[in-house]
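No value in this document is a laboratory result; all are computed from the given coordinates. Computed from a predicted structure; not experimentally measured. Reconstructed Cβ throughout: ideal geometry from the backbone, glycine too, with neighbour counts over all protein chains shown.
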Amino acid sequence: MTNPPYTAETLARDSIDRLAGATVVEFGTNWCGHCQRAQPLIAAAFEAHPEVRRIKVEDGSGRPLGRSFRIKLWPTLVFLRDGQEVARLVRPDDAQAIGRALAQVAAPS
């Protein structure tokens with residue numbers, strides 16, 4: 001699995017809220033040391049859950065999507081099922097914790 005970079009906001013909050021199925025919205029920046037250190041852990045956890053959509057959003061001051069999710073630290077992973085937040089991890093440092101959150105959001109409703 002490749003590790004795509006964080007990209008500029010392309011979705012509005014209402015679009016995220018309407019997404020069907022399991023989605024993780026990951027907020028961070030490409031230059032953030034915490035984000036860079038977390039990438040191998042996140043990638044390892046996602047290997048067991050390829051069915052979960054992953055959206056990496058470049059965050060920063062005044063960016064509306066990050067503010068709508070009350071993002072304060074990077075990386076922050078917001079785990080959604082059918083647009084509803086199920087779990088959240090801030091600066092994850094454990095692939096197992098990420099895997100547990102992924103399993104929770106990927107579980108059939």
Among the residues of the range 13-33, is any loosely packed, with under 13 Cβ neighbours inside 10 Å, in contact (Cβ under 8 Å) with a residue 60 or more places away in the chain and assigned to a loop (DSSP other than H, G, I, E, B)? yes
Could you please give the count of residues in the range 1-59 that are of a type in the set (A, V, I, L, M) and touching a Ser or Thr at 6+ places or on another chain (Cβ under 8 Å)? 4
Identity of the residue in the range 61-102, of a type in the set (Lys, Arg) and in contact (Cβ under 8 Å) with a residue 40 or more places away in the chain, that ends up nearest to Ala22 (Cα to Cα): Arg81
Mind listing whichever residues of the range 63-99 are in contact with a strand residue (DSSP E or B) (Cβ under 7 Å, 6 or more places away or on another chain), surrounded by fewer than 18 Cβ atoms within 10 Å (Cβ to Cβ) and charged (D, E, K, R)? Glu85, Arg88
Breaking point among (1) more than 24 Å from Trp31 (Cα to Cα); (2) in contact with a His (Cβ under 8 Å, 6 or more places away or on another chain), for Trp74: (1)
One residue from Arg81, Arg88, Arg63, Arg100 being over 22 Å from Leu11 (Cβ atoms) and of a type outside the set (Gly, Ala, Ser): Arg100
Being among the β-branched types (Val, Ile, Thr) and more than 16 Å from Ala12 (Cα to Cα) is the filter here; which residues of the range 66-78 pass it? Thr76
Candidate set: the range 1-12, residues that are hydroxyl-bearing (Ser, Thr, Tyr) and part of a loop (DSSP other than H, G, I, E, B); chosen: the one surrounded by the most Cβ atoms within 10 Å (Cβ to Cβ): Tyr6
Going through the range 60-109 one residue at a time, which ones are among the aromatic types (Phe, Trp, Tyr) and assigned to a strand (DSSP E or B)? Phe79
Exactly one condition in (1) surrounded by 15 or more Cβ atoms within 10 Å (Cβ to Cβ); (2) assigned to a helix (DSSP H, G or I) is not met by Val57; state its number. (2)
Criterion (small (Gly, Ala, Ser) and out of contact with any Pro (no Cβ under 8 Å at 6 or more places or on another chain)) met by exactly one of Ala8, Ala12: Ala8
